[in-house]
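See structure below.
The values are calculated or read from the model by the stated rules, or taken from the named source; none is laboratory data. All figures in this text were calculated on a predicted structure; none of them were measured in a lab. In this analysis, Cβ positions are derived from the backbone assuming ideal geometry, glycine residues included, and neighbour counts consider all displayed protein chains. In case anyone asks, the SASA skips ligands and DNA or RNA and just uses the protein heavy atoms, side chains included. Shrake-Rupley method; radii C 1.70, N 1.55, O 1.52, S 1.80 Å.
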Amino acid sequence: MRNTIIELKSADLTLGNAAASVHVLKSIDLAIDESEAVGIVGPSGSGKSTLLMVLAGLERLDSGQIFLRGTPLHELNEDRLADFRGKNIGIVFQSFHLIANMTALENVAVPLELANVRNAFDIARTELQAVGLGERLNHYPGQLSGGEQQRVAIARALAPSPAVLIADEPTGNLDTETGRQIADLLFAKQKERGMTLVLVTHDTSLAARCSRQIRVASGQIAGDSRHESKPLTISVPA
């Protein structure tokens, strides 16, 4: 039996003002299940990254509803939303977003400390060891390769034991082999922890590794492998 963890109902969002406004998401209905791995694809400007930011609780809808684990995110104020997001959603970005003057250990531990998590540094150390960086705990981002920096970012996202892991082009800044290793790590952790994984990617081979692929075009869901009898075409124009 499927248990829905994320649900969008008539999700609508416009970005920008007046003549510069863009209707990015148009009445989207979407349900994502617990422990599902979902790849979101689509051409540049289709709205896929904005959709991901809505799912991560980083963009507010103009209208419609979004529920995560039954909690109506659209009804939460900013403080309650940030608290809920910190406990339930892990986020991995293309550009790592590490703090340059903090070590790998500090980058993972500090968000936990800010959330008043006990033993933050012990948890951070365990997570860094789990992503293969046990020997790099005291290195700064500038002393790490791109792949190592992304591993730190993944450890940081996993540290609160989130129910949902959101990844925005997680291999986009990496060479092919390093990107494959990072993808292997993401899927291994998703399976190991039973998390829901939602990722946006231009890499069709990465999207194809997901159990479900969703194609976005012009702010709408243009294809969903769950509802199609034949494989979803996931090629994306450059």
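Quick look at the numbers
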{"read-out": "Neighbours by Cβ (under 6 Å, 6+ apart or cross-chain): first from the range 67-79, within 12 Å of Gly57 (Cβ to Cβ); second open to solvent by 30 Å² or more (accessible area, probe 1.4 Å)", "value": "Phe67/Glu7; His74/Leu61; His74/Gln65"}
{"read-out": "Matching residues in the range 136-186 - criterion: being among the hydroxyl-bearing types (Ser, Thr, Tyr) and either crowded, with 23+ Cβ neighbours inside 10 Å or in contact (Cβ under 8 Å) with a residue 40 or more places away in the chain (or both)", "value": "Tyr140, Thr171"}
{"read-out": "Criterion violated by Val117 - all others in (1) more than 26 Å from Leu52 (Cα to Cα); (2) modelled with pLDDT under 95; (3) open to solvent by 60 Å² or more (accessible area, probe 1.4 Å) satisfied", "value": "(3)"}
{"read-out": "Subset tally (residues that are part of a loop (DSSP other than H, G, I, E, B), over 19 Å from Ala183 (Cβ atoms) and out of contact with any Ser or Thr (no Cβ under 6 Å at 6 or more places or on another chain)) for the range 123-139", "value": "5"}
{"read-out": "Residue satisfying all of: in the range 9-43; in a loop (DSSP other than H, G, I, E, B) and in contact (Cβ under 8 Å) with a residue 12 or more places away in the chain; farthest from Thr201 (Cα to Cα) among these", "value": "Glu34"}
{"read-out": "Some residue of the range 105-114 being assigned to a loop (DSSP other than H, G, I, E, B) and either open to solvent by 70 Å² or more (accessible area, probe 1.4 Å) or within 17 Å of Ala153 (Cβ to Cβ) (or both)", "value": "no"}
{"read-out": "Residues satisfying the stated conditions in the range 17-67, i.e. basic (Lys, Arg) and open to solvent by less than 50 Å² (accessible area, probe 1.4 Å)", "value": "Lys48"}
